[in-house]
1. In segment A:269-281, which residue that is free of Cβ contacts under 8 Å to residues at least 60 places away in the same chain and touching a helix residue (DSSP H, G or I) at 6+ places or on another chain (Cβ under 9 Å) is surrounded by the most Cβ atoms within 10 Å (Cβ to Cβ)?
2. Give segment A:5-25 a look and list any residue that's more than 7 Å from chain B (Cβ to nearest Cβ) and open to solvent by 30 Å² or more (accessible area, probe 1.4 Å), or say none.
3. Within segment A:67-78, take every residue that is part of a loop (DSSP other than H, G, I, E, B) and open to solvent by 60 Å² or more (accessible area, probe 1.4 Å) and give me the one that is nearest to A:Tyr189 (Cα to Cα).
4. Sort out which residues of segment A:87-116 are open to solvent by 30 Å² or more (accessible area, probe 1.4 Å) and part of a loop (DSSP other than H, G, I, E, B), and write them in order of number.
5. Consider A:Met42 against the criteria (1) open to solvent by less than 30 Å² (accessible area, probe 1.4 Å); (2) touching a residue at least 40 places away in the same chain (Cβ under 8 Å); (3) closer than 17 Å to A:Lys3 by Cβ; (4) within 13 Å of another protein chain (Cβ to nearest Cβ): it satisfies all of them except one. Which criterion is unmet?
6. Of all residues being part of a strand (DSSP E or B), loosely packed, with under 13 Cβ neighbours inside 10 Å and in contact (Cβ under 8 Å) with a residue 12 or more places away in the chain in segment B:35-89, which is farthest from the other protein chains (Cβ to nearest Cβ)? Just the residue, please.
7. Quick check on my filter: what residues within segment A:235-252 are in contact (Cβ under 8 Å) with a residue 60 or more places away in the chain and within 19 Å of B:Glu108 (Cβ to Cβ)?
Amino acid sequence: MIKRTLYFGNPAWLSVSNGQLVIKDPLLKDYKDLAEKARIPMEDIGLVVLDHQQITVTQTVLNMLLANNAAVVVCDDRRHPTGMLLNLNGNVVQAELFRHQIEASEPLRKQLWKQTVECKIRNQAAVLANEQLDDAYLLELAGKVQSGDTGNREAQAAAWYWPRLIKELPDFRRFREGPPPNNLFNYGYAILRAVVARSLVGSGLLPTLGIFHRNRYNAYALADDIMEPYRPVVDGMVLKLLRRSGVPEELTTEHKGFLLNLPVTDVILDGKASPLMAAVQRTTASLAQCYKGDQRKVLYPSLP
Amino acid sequence: MLERFNAYRIMWVLVFFDLPTDTRKERKAAARFRKDLQADGFTMFQFSIYLRHCSSRENMEVHQKRVESLIPEKGHVGMLSITDAQFGRMKIWYNAEEEEKEVPQQLELF
């Protein structure tokens with residue numbers, strides 16, 4: 001089932017009443033009938049983005065969101081996503097899965113990383129193809145990814161991909177601190193990361209232990225790894241947004257609203273179209289199976 | 001992209017009830033039923049008519065089963081599930097003026 005995404009960009013007072021998330025206008029919070037903006041069933045919520053300095057949240061709201069495996073993304077005073085809240089007890093068999101994760105053999109991890117990078121490069125090729133750009137080089141690279149990506153095909157693909165992706169900006173360089181439109185990519189990736197991290201926890205996995213890059217000082221290393229093949233979906237959305245509204249200095253609610261449709265954007269998984277949020281859940285479930293030793297291939301998406 | 005949320009897949013579950021309120025026990029059971037419906041995400045459309053928006057058929061079945069498990073001992077309860085397309089054709093008047101229904105969206109910006 002597709003869960004709902006709630007974005008709060010204005011002052012709000014959030015509380016729980018009878019299993020429903022109650023959203024009130026804080027200026028009118030003492031005026032019961034006027035203040036209430038909406039009531040949303042807690043169990044229908046998958047992602048909450050808190051993007052205003054005047055949002056007040058009660059403890060029960062956080063508890064119940066976590067109990068329903070929703071992810072909460074918190075933004076700072078510059079309206080950039082800075083952190084997320086996930087539950088610790090995502091899945092009944094998680095203790096067992098954590099053990100499998102920690103004890104995962106190096107050959108398995110190198111295999112999983114190979115699959116991850118190969119899929120990422122194929123999806124980057126698909127984005128280029130959708131832009132009527134030449135994807136032959138990337139497809140060739142994808143076929144040459146080795147176990148553990150020892151040839152670092154990922155970096156080679158990135159070096160080809162980024163300068164060509166945005167036809168209107170041939171000098172574009174992708175890095176987090178870079179000038180716009182890097183801000184659009186950052187926002188999209190932050191949402192993707194939250195969706196992936198939430199699914200990992202829901203599948204009983206620790207988002208901290210990456211497949212391959214294990215020494216990162218990063219609480220979400222595994223989320224960063226698993227989101228790789230999904231990044232091109234964000235890239236495609238950012239391209240659409242750039243065509244529609246140009247390069248933004250600051251992200252507006254329109255930009256964020258567009259990017260927040262990421263969880264319901266279609267990808268192809270196992271031959272069928274699936275909303276991204278649901279596809280990610282299947283990816284993380286298949287990853288758990290790999291850690292358990294029940295299968296060797298992670299279920300990754302391709303782009304429509 | 002948003003084909004998945006087309007009006008023939010999204011469902012609404014409507015619950016209609018007429019519960020006795022003569023004894024204290026009956027009133028308690030009626031109140032309990034109302035509270036349980038609300039806890040399950042049903043909202044009041046009119047007195048004794050509650051509805052819930054469900055984003056898929058599978059989700060609808062979950063809530064249908066839940067309602068069945070909550071039916072009180074005494075009283076008359078009806079449950080009807082319709083597609084969002086059918087629900088959209090409902091006309092609503094408040095004080096003789098036509099009103100628009102509020103439909104939950106997957107993404108909501110507050």
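The values are calculated or read from the model by the stated rules, or taken from the named source; none is laboratory data. Keep in mind the model is a prediction, meaning the values are calculated, not measured. Positions of Cβ are generated from backbone atoms using ideal geometry, with glycine treated the same way; all protein chains shown enter the neighbour counts. SASA here: full protein model, heavy atoms, side chains in, ligands and nucleic acids out. Shrake-Rupley method; radii C 1.70, N 1.55, O 1.52, S 1.80 Å.
1. Of segment A:269-281, the ones free of Cβ contacts under 8 Å to residues at least 60 places away in the same chain are A:269-274, A:279.
Okay, now just the ones that are also touching a helix residue (DSSP H, G or I) at 6+ places or on another chain (Cβ under 9 Å), so A:269-270, A:273-274, A:279.
Values: A:Leu269: 21, A:Asp270: 12, A:Ala273: 14, A:Ser274: 17, A:Ala279: 26.
By that ranking, first place goes to A:Ala279.
2. Answer for segment A:5-25, where residues must be more than 7 Å from chain B (Cβ to nearest Cβ) and open to solvent by 30 Å² or more (accessible area, probe 1.4 Å): A:Pro11, A:Trp13, A:Val16, A:Ser17, A:Lys24, A:Asp25.
3. Initial filter on segment A:67-78 (part of a loop (DSSP other than H, G, I, E, B)): A:68-70, A:76-78.
Now restrict to residues that are open to solvent by 60 Å² or more (accessible area, probe 1.4 Å): A:77-78.
Details: A:Asp77: 19, A:Arg78: 17 Å.
That would be A:Arg78.
4. Of all residues in segment A:87-116, those open to solvent by 30 Å² or more (accessible area, probe 1.4 Å) come to A:88-89, A:91-93, A:95-96, A:98-100, A:102-103, A:105-107, A:109-111, A:114.
A:Leu88, A:Asn89, A:Asn91, A:Val92, A:Val93, A:Glu103, A:Ser105 - these are the residues of segment A:87-116 that are open to solvent by 30 Å² or more (accessible area, probe 1.4 Å) and part of a loop (DSSP other than H, G, I, E, B).
5. (2)
6. Narrowing segment B:35-89 to residues part of a strand (DSSP E or B): B:43-46, B:49-54, B:76-83.
Those still in the list that are loosely packed, with under 13 Cβ neighbours inside 10 Å too: B:44, B:46, B:76, B:78, B:80.
Filter once more, so that each one left must be in contact (Cβ under 8 Å) with a residue 12 or more places away in the chain: B:76, B:78, B:80.
Values: B:His76: 24, B:Gly78: 22, B:Leu80: 19 Å.
Checked segment B:35-89; the qualifying residue farthest from the other protein chains (Cβ to nearest Cβ) is B:His76.
7. If the condition is that a residue be in contact (Cβ under 8 Å) with a residue 60 or more places away in the chain and within 19 Å of B:Glu108 (Cβ to Cβ), then A:Leu251 is the only one that fits.
One line per residue, one yes/no per condition, for (1) touching a residue at least 12 places away in the same chain (Cβ under 8 Å); (2) buried (at least 21 other Cβ atoms within 10 Å of the Cβ); (3) not in a helix (DSSP H, G or I):
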position	(1), (2), (3)
A:Asn218	no, no, yes
A:Asp225	yes, yes, no
A:Val233	yes, yes, no
A:Glu254	no, no, no
A:Ser286	yes, no, no
A:Tyr291	yes, yes, no
